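One structure is given below, encoded as structure tokens.
The values are calculated or read from the model by the stated rules, or taken from the named source; none is laboratory data. Keep in mind that what you see is a predicted model, and the values were worked out from it rather than measured. In this analysis, Cβ positions are derived from the backbone assuming ideal geometry, glycine residues included, and neighbour counts consider all displayed protein chains. Please note that ligands, DNA and RNA were not included when accessible areas were found on the heavy atoms of the full protein model with its side chains. Shrake-Rupley method; radii C 1.70, N 1.55, O 1.52, S 1.80 Å.
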Amino acid sequence: LSRLVVAAEALAAPPGHGKNSGGPFHKVKQQIQKMIFQLQDEQKQEQEHKDWCDHEVTNTKQKEEEFTKRETKLDNALDELTANIELLDTEVADHNTNVKDLNADIAELKADRAEDSKENAIDIKDAQEAQTAIANAQHVLTDFYKGSGEVAKEDWEFLQELPAEPDTWDASYTGTNGGSSQILGMLESIASDFAQMEIQARVAESTNQKEFDATLEDLEVNKANHEEKARLKTNKLDSLQKKVSAKSEQLDNVKDQLYAADEYHKSLRPACYGDSETYEEVQPLFEARQQARDTEINMLRDAQKILDEAFNK
């Protein structure tokens, strides 16, 4: 309407002289056409600007969404990696603790075995020395009692006769009347006990050694198992740490890109959003402005047509 007022004011201008002036409405028609061109140019420029804003805002939003998704995905991946690392750390620590405990058990087992073996060796030695001492005593007593006649000699012993008794002997020694068999029997029983003790000590040593070997083997296998698991999980930890470093670097890069996209989006607001909060609100306002221009252009053209018809009459 303001543009039509301008056109109306042109009607008050002094009329031109002659037919070349185009009549009293010539300047008005020129002004109207000029306004139509101006409106069309504004419409074109705003459309181009709107197209540019549509392209920039749409691409920027897509980048923001893409970078946000990648950021979330990387955050989740890092959370999962961190949880796995914490779990592996705990498991490796448990394996190392088990290895330490097993080493202590092995050391204690070996110490106990050494002490037990030492005691068995002492028992065997004591039993052997006792048997030797008893055998010597038996030999001495047997010889004595054979000489006294209390113990029968072997056939081969009769070949070695004693010389005739001296004249000073009044009578021969008659022995202890059965005491020899009692003493020799006691020595034989004691010797049997020591022999049994030696056997038991040897059996105990052999049995304990077998039990020791089996237990030690179990402990060593268990220890090796924990050591191998600790080694494998430590290697996996190293691999996960490298992944964390790589993912963290990727995340930093994505955050930088997201920040740049956000900043660029903010810079678009003055030119593309106007007073609107969201870009979706911009479209109906743009369409309303374009429609208003179309309406004004149509009105101006109608005015042109009226003036043309009036001029041609």
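Here segment 91-127 is the region considered, the condition is being more than 44 Å from the chain's Cα centre (by Cα) and of a type in the set (Gly, Ala, Ser), and the residue that is nearest to Gln209 (Cα to Cα) is Ser117.
Kindly evaluate Asn235 against the criterion of being within 32 Å of the chain's Cα centre (by Cα) and in a helix (DSSP H, G or I).
Taking the combined requirement at face value, the residue satisfies it.
Aromatic (Phe, Trp, Tyr), more than 28 Å from Asp294 (Cα to Cα) and at pLDDT 80 or above, is that true of Phe67? So Phe67 passes the test.
Any idea how many residues of segment 264-283 are of a type in the set (S, T, N, Q), part of a loop (DSSP other than H, G, I, E, B) and either farther than 18 Å from Glu65 by Cβ or over 45 Å from the mean Cα position of the chain (by Cα) (or both)? Residues meeting the conditions: 1. Restricted to segment 269-313, and to residues that are over 30 Å from Asn59 (Cβ atoms) and of a type in the set (S, T, N, Q), which residue is least open to solvent (accessible area, probe 1.4 Å)? The residue in question is Gln304.
Regarding Tyr264, is this residue among the aromatic types (Phe, Trp, Tyr) and farther than 20 Å from Thr72 by Cα? Before you say what the answer is, go through the steps one by one.
Details: among the aromatic types (Phe, Trp, Tyr): yes; farther than 20 Å from Thr72 by Cα: yes.
Taking the combined requirement at face value, the residue satisfies it.
List every residue pair whose Cβ atoms lie under 8 Å apart, where the two residues are 6 or more positions apart in sequence or sit on different chains, the first residue falls within segment 53-69 and is open to solvent by less than 100 Å² (accessible area, probe 1.4 Å), and the second residue, located anywhere, is among the β-branched types (Val, Ile, Thr) and in a helix (DSSP H, G or I). Hits for this filter: Cys53/Val282; Phe67/Val254. Residue check: Leu216 meets all listed conditions (1) of a type outside the set (S, T, N, Q); (2) in contact (Cβ under 8 Å) with a residue 12 or more places away in the chain; (3) farther than 29 Å from Ser117 by Cα but one, namely (3). Only one residue in Asn208, Asn253, Asn222 is within 25 Å of the chain's Cα centre (by Cα), more than 30 Å from Ala93 (Cα to Cα) and either modelled with pLDDT of 95 or more or crowded, with 16+ Cβ neighbours inside 10 Å (or both). Which one? After ruling out the rest, the residue left standing is Asn253. Return the only residue of Ala77, Ala104 being hydrophobic (A, V, I, L, M, F, W, C) and surrounded by fewer than 13 Cβ atoms within 10 Å (Cβ to Cβ). Sole residue among the options that is hydrophobic (A, V, I, L, M, F, W, C) and surrounded by fewer than 13 Cβ atoms within 10 Å (Cβ to Cβ): Ala104.
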